[in-house]
Amino acid sequence: MPKDEYQSRAFNIVGTRPIRPDGIDKVTGKARYGADMTAPGMLWGAILRSPHAHARIKSIDTSEAEAMKGVKAVITRADFPKLDLDPGMADILDNSMAGEKALYDGHAVAAVAASSKSLAYAALDAIKVEYEVLPHVVDVDLAMKPDAPVIHAARQDETVPEGLSENVTSRSQYGHGDPEEGFKKADLVIERHFTTAATHQGYIEPNACLAQMGADGQGDLFVCTQGHYMVRDTCAEILGLEAGKLRVTASEIGGGFGGKTHIWMEPVALMLSMKSGKPVKLVLTRDEVFRATGPTSSSSTDIKIGMTKDGKITAATGTFRLQSGAYPGATAFLSAMCGFAPYDLEHVRTEGLEVMTNRPKAAAYRAPGSPMAAYAVESVIDELCQKLDLDPLETRLKNAAREGTKSAYGPTYPAIGLEATLKAAQEHPHWTAPLGENQGRGVACGFWFNFGGNTSVNLMVNPDGTVSLSEGNPDIGGSRASMSMMAAEELGIPLDQVRCVISDTGSLGLNDVTDGSRVTFAVGLATIKAARHAIEIMKTRAAMKWGIEPEAVDWVDGAAVPAGPNAGKFPPMSIKEIAAIAANTGGPIAGHCEANAEGAGVSFATHMVDTEVDPETGAVKVLRYTVFQDAGKAIHPDYVEGQFQGGAAQGIGWALNEEYIHDEDGRLLNAGFLDYRIPVASDLPMIEPVILEIPNPGHPYGVRGVGETSIVPPLAAIANSVSRGAGVRLTSLPMSPPKIRAAVKAG
Amino acid sequence: MIFSSPETIEEAAALLAADAEARPLAGGTDLLVRLRARQIAPSAIVDLKRIPELREITEESGGWRIGAAVPSAQMNEHAALKSAWPGVCEGADLIGSTQIQGRCTVAGNLCNAGPAADSVPCLVAAGAVARIAGPTGTRDLPVEDIPTGPGKTALKPGEFVASILLPAPAARQGSAYLRFTPRTEMDIAVAGVGIALSLDGAGKIETARIALGAVGPKVIVADEAAQTLIGTTGDDAALDALSQDASAAATPISDKRGTAEFRREVIGVLAKRAAKIALTRAKGDTA
Amino acid sequence: MSRIHVTTTINGEETDFLCEPQQTLLDVLRDDLDMTGSKEGCGSGDCGACSVILDGRLVCSCLVLAPEAEGRSVETIEGMAEGDKLHPLQQKFLEMAALQCGVCTPGILVAAKNLLERNPDPTEEEVRYWLAGNLCRCTGYDKIIRAVMETAADLRGAA
């Protein structure tokens, strides 16, 4: 159990809205993203991809491509070292470059490096691959059937019940009580089946990197990723390199949302550089991003909930089946943990089943596993409210988890914010605003765990008293701003005296991937501790100068002061003054923190949305949207709001129009932004963010991660509003116009 | 690949005629997408945008001639054209995004021969005529005869559409284009209806032309649906009949953008709604 | 492959370059002129991250062949600030946190600048439709739309 870190206090900088330090580079076009770096003598890489969903690779003839002028390297799987990798690592290698089989449309089978982009593509055309096309499966329910084509044999673990296809690799189970007993106490039990389509994170910056391997085994990689340490460690392992010899630098990152927490093509770029002896830039096309970098899982879910006529949930069960793409490892277990997490339940059981299909390896996408679970659970709760004529907010409040509740996935909650979000929703003018014809208002709740993890931060006090802060997590949405703010707050100095940089893997200790909404929490915690460490050193230096004990020095408003009248009478010594005497009092001053952070506070949100359905066409217009979410403590409220708004917008897209569409041969039909329809500006209303602040006991300032929870409620919130506005209950996402029109027609 | 930018129609025709693999380039919003996706590898690109008369909208016999290199944004900035043929302009204004509309041309939209081309149904409803330039001179062809199927046109080797003539609008005329897309913008029509109609002095519909997009291999001229309207005041019964006729005239397929059943239904809804807008516009003329 | 010599004006400065005929304006800006502020998000005109102004018109530079730029005028994000003085839109985007990852930001700023030059008093709906070709996946557009509207109001007030 993490210790209680939180201390209530007043803030000077935290909670304000300063301009972010990396802002000017981003509004002037100077910021360097993954594809924006070049190196002398650089080659262009390109990847040849399988056109088949499932095929044995009989042969690859690269001779013609290799003979082309300007082509400096052609590689296939045969070029990668044959190492004894554990299955997870072997999967990453196989996903980067196919071995015996191509497992999905878009799976890499060969790659080239050439002196120009056009030459690289011409060389791909010259590679001849002979395939033996195999039966394929892309649907999660079909893939579970015993006679389904098997993606990989013998990858099941011992948890999987008999009678299912080998594609089912794992089963997880959670819950407590006896649901069968609980259902008997219900006045109404509703059981429903739901499906959701695979959706892509849709980051605007395609994956890109610049790899440079030297003959001495030392290498450099500049890459857009959510975790450059992960990239270093994984690439080193699968290429047989020593991690310390590979330095990875994170570029500015143009969106990730979980999709850049994985390895997709970095080992290919490194291998091309090794073979050619030159720097190689590899930038995926948008088509490749859709076909070969993981979307989230599609899902198939059964939910059963019992409720009394006064709105108490008596029991709940759920089975969540998520497809993981071509390798084991989806997030059905997270669906099974998250689905009922908002509620205080006496009887609850869930299970999650991970299922392989001939699709790209499923990747994390903002609160992975939770949105599809919330869609199903919150839809059934809403239907129960409709049938029992109950208020949907009041009913959720009645069942809401609170401090001391034993969660559906096991742990007992400390102080949490679900009730606060529900009460804020009840009191908001949105809740009582009038609605017109064909308009409906939906609400839904959502949960995400949040995460801490391995974190390293250095805080250097420079000779002039300014502060250089080094952290090791790519800044995906303003984290340099919030780290600088926390450092300045703790040190008691103006914000402009701190500059925060994202260090490469060679200059700072390990940092876990930017995921799990961990950065503001964990890196923030480490930043505060590094600042406190630096303060201790500065107090010692002041004490030395004053000739008193370090314990007799306090730190107030950016300066060392005597702790009390007994300590002596000295004027405050500012950080600048202490920095100036550093050389004579023991040398450079720096604080640091290396920790595996625990105590990330769980996060809840309630969303409220008004929609209008055109009954003749099935089109849904989102009219008004309000997000109520617990942030613990909002360090930079603008960027907390931005996370709320962005997650809601992605959830709206998932609910209404986004989906992977495959043809009968398992080929992706909509691998582009024209037919993979993420919301455009004219599709959305303003999204009002309401920040609740219920301090997280595990963070000195009370911070909870905010990045992921916001995508959890929208799917159900929209479904519930459509149900209330148009009188149709959609159990399949996306709720595209043809589906809604068909439902309206069927009555 | 050879890039050339001729300054006369004759020069462009000669360049295109000399090389069967050459492609004309107007706005490039289809051509470049296919080029970059490596779906096509033309031996030469002939840019039409340096030919002065192809960049102009000129009045001709009370109507308007739109050069093949005129971007759709330019059409929507042309007050007189917009007032004469609002439906045609709104079709052009729905192609892609602001950025696309800064480049795309209705001639290109027509010659790309995509069944869902947004500007084509109302051009057809308007009775527009394409002027085709080629190695042996020019010829005129009604726009509905240019596309012959998905990606296929009636153009002969070396020919290109140089301009499109919108006729002089009739008195008391209204036109409109409506389409259905899942997104509000940046989308491909799942179904689209272009309509042009005019009223007689008594307020009855005297002439009507209706064309349907995205519900067949090429744009469909829905003559029966148009006949249904003629002689009526566009009352609810007439519009319901129109709706049914439009659905009946459609021959849609199911694809990633929509099912056949949905398209057939929605085309009827759009026909009714587009006719209402066109009627309002026609009445506005008489007011 | 023979290269084409192109002379054009970029952000007010006459510039010349050699290009392959199938290279796009975006390719040349990014790969040959090292003006990487224009981003390639899709290469098919669907995301707007490569937006530039060509002879006064907003276009996707990924859908312009580089040789087409001969004799034309191109405005990119790199030309939006005058020296150290940010354009009011750039300043407002910073103040109102109208960006998160920032990769769509150059394209949106160029597009918004072109809008305000044409329409100094746009409605929210007009801003949303004008920017519909600029995809942003981080912000839900809310703060972007507000920043454009507020900049327009400021500029009207100053005029």
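If you go through region A:428-461 and keep only what is among the hydroxyl-bearing types (Ser, Thr, Tyr) and not in a helix (DSSP H, G or I), you end up with A:Thr455, A:Ser456. Filtered by the rule that a residue be touching a Lys or Arg at 6+ places or on another chain (Cβ under 9 Å) and either under 16 Å from A:Ala649 (Cα atoms) or without any contact (Cβ under 8 Å) to a residue 12 or more places away in the chain (or both), region C:121-145 gives C:Ala132, C:Tyr141, C:Ile145. Residues in region A:587-603 that are modelled with pLDDT of 95 or more, surrounded by fewer than 18 Cβ atoms within 10 Å (Cβ to Cβ) and more than 18 Å from A:Val467 (Cα to Cα): A:Glu594, A:Ala595, A:Asn596. The residue of region A:466-517 that is farthest from the other protein chains (Cβ to nearest Cβ), among those that are more than 16 Å from A:Glu252 (Cβ to Cβ) and modelled with pLDDT under 95, is A:Gly516. For A:Leu83, which of the numbered conditions (1) away from chain C (no Cβ under 14 Å); (2) among the hydrophobic types (A, V, I, L, M, F, W, C); (3) surrounded by 17 or more Cβ atoms within 10 Å (Cβ to Cβ); (4) not in a helix (DSSP H, G or I) fails to hold? Every listed condition holds for A:Leu83 apart from (3).
For A:Asp554, the conditions (1) touching a strand residue (DSSP E or B) at 6+ places or on another chain (Cβ under 7 Å); (2) part of a helix (DSSP H, G or I) all hold with the exception of (2).
When residues of region B:248-282 are filtered for being within 10 Å of another protein chain (Cβ to nearest Cβ) and of a type in the set (Lys, Arg), how many remain? The number of residues fulfilling the criteria is 5.
Of the helices (runs of 4 or more DSSP H) entirely within region C:70-140, those holding at least 3 residues that are within 14 Å of chain B (Cβ to nearest Cβ) occupy C:105-118, C:124-130.
The rows are residues; the columns are (1) buried (at least 24 other Cβ atoms within 10 Å of the Cβ); (2) more than 14 Å from every other protein chain (Cβ to nearest Cβ); (3) in contact with a Ser or Thr (Cβ under 9 Å, 6 or more places away or on another chain); (4) closer than 24 Å to B:Asp93 by Cα.
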{"site": "B:Gly158", "(1), (2), (3), (4)": "no, yes, yes, no"}
{"site": "B:Leu165", "(1), (2), (3), (4)": "no, yes, yes, yes"}
{"site": "B:Pro182", "(1), (2), (3), (4)": "no, no, yes, yes"}
{"site": "B:Val193", "(1), (2), (3), (4)": "yes, no, no, yes"}
{"site": "B:Lys204", "(1), (2), (3), (4)": "no, yes, yes, no"}
{"site": "B:Thr232", "(1), (2), (3), (4)": "no, yes, no, no"}
{"site": "B:Ala237", "(1), (2), (3), (4)": "no, yes, no, no"}
{"site": "B:Ala241", "(1), (2), (3), (4)": "no, yes, yes, no"}
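Those strands (runs of 3 or more DSSP E) of region A:165-222 in which 3 or more residues are more than 23 Å from the chain's Cα centre (by Cα) and surrounded by fewer than 20 Cβ atoms within 10 Å (Cβ to Cβ) occupy A:188-196.
Here region A:118-138 is the region considered, the condition is being closer than 19 Å to A:Asn358 by Cα and in a loop (DSSP other than H, G, I, E, B), and the residue that is nearest to the chain's Cα centre (by Cα) is A:Val138.
Against the condition in a loop (DSSP other than H, G, I, E, B) and among the aliphatic types (A, V, I, L, M), how does A:Val74 come out, does it pass? No, not satisfied.
The set of residues in region A:477-492 being surrounded by fewer than 24 Cβ atoms within 10 Å (Cβ to Cβ) and not in a helix (DSSP H, G or I) consists of A:Gly492 alone. Give the residues of region B:60-84 that are over 15 Å from B:Gln101 (Cβ atoms), within 14 Å of the chain's Cα centre (by Cα) and either part of a loop (DSSP other than H, G, I, E, B) or among the basic types (Lys, Arg) (or both), sorted by residue number. Passing the criteria: B:Arg65, B:Ala68. Looking at region A:635-666, which of its residues are among the hydroxyl-bearing types (Ser, Thr, Tyr) and either free of Cβ contacts under 8 Å to residues at least 60 places away in the same chain or more than 8 Å from every other protein chain (Cβ to nearest Cβ) (or both)? The one that is among the hydroxyl-bearing types (Ser, Thr, Tyr) and either free of Cβ contacts under 8 Å to residues at least 60 places away in the same chain or more than 8 Å from every other protein chain (Cβ to nearest Cβ) (or both): A:Tyr660. Does A:Asn670 satisfy being in contact with a Lys or Arg (Cβ under 8 Å, 6 or more places away or on another chain) and either over 21 Å from A:His607 (Cα atoms) or within 11 Å of chain C (Cβ to nearest Cβ) (or both)? Yes; evaluated as a whole, the condition is true for this residue. The set of residues in region A:110-146 being within 20 Å of A:Pro328 (Cβ to Cβ), surrounded by fewer than 17 Cβ atoms within 10 Å (Cβ to Cβ) and of a type in the set (D, E, K, R) consists of A:Asp141, A:Lys145. In region B:1-54, counting only strands (runs of 3 or more DSSP E) that sit wholly within it, the ones holding 2 or more residues that are surrounded by fewer than 20 Cβ atoms within 10 Å (Cβ to Cβ) span B:2-4. Flag: A:Val690 does not match the condition of being at pLDDT 95 or above and surrounded by 21 or more Cβ atoms within 10 Å (Cβ to Cβ).
Among strands (runs of 3 or more DSSP E) entirely within region B:110-164, having at least 2 residues that are under 11 Å from the mean Cα position of the chain (by Cα) singles out B:129-134.
Among the numbered conditions (1) within 14 Å of another protein chain (Cβ to nearest Cβ); (2) assigned to a helix (DSSP H, G or I); (3) surrounded by fewer than 24 Cβ atoms within 10 Å (Cβ to Cβ), the only one that A:Met230 does not meet is (1). Taking the conditions (1) under 22 Å from the mean Cα position of the chain (by Cα); (2) closer than 23 Å to C:Gly71 by Cβ; (3) touching a residue at least 24 places away in the same chain (Cβ under 8 Å) in turn, B:Ala22 satisfies each one other than (1).
The values are calculated or read from the model by the stated rules, or taken from the named source; none is laboratory data. In this text, all values refer to a predicted model and were calculated from it rather than measured experimentally. With ideal geometry, Cβ positions are generated from the backbone for all residues, glycine too; neighbour counts draw on all protein chains shown.
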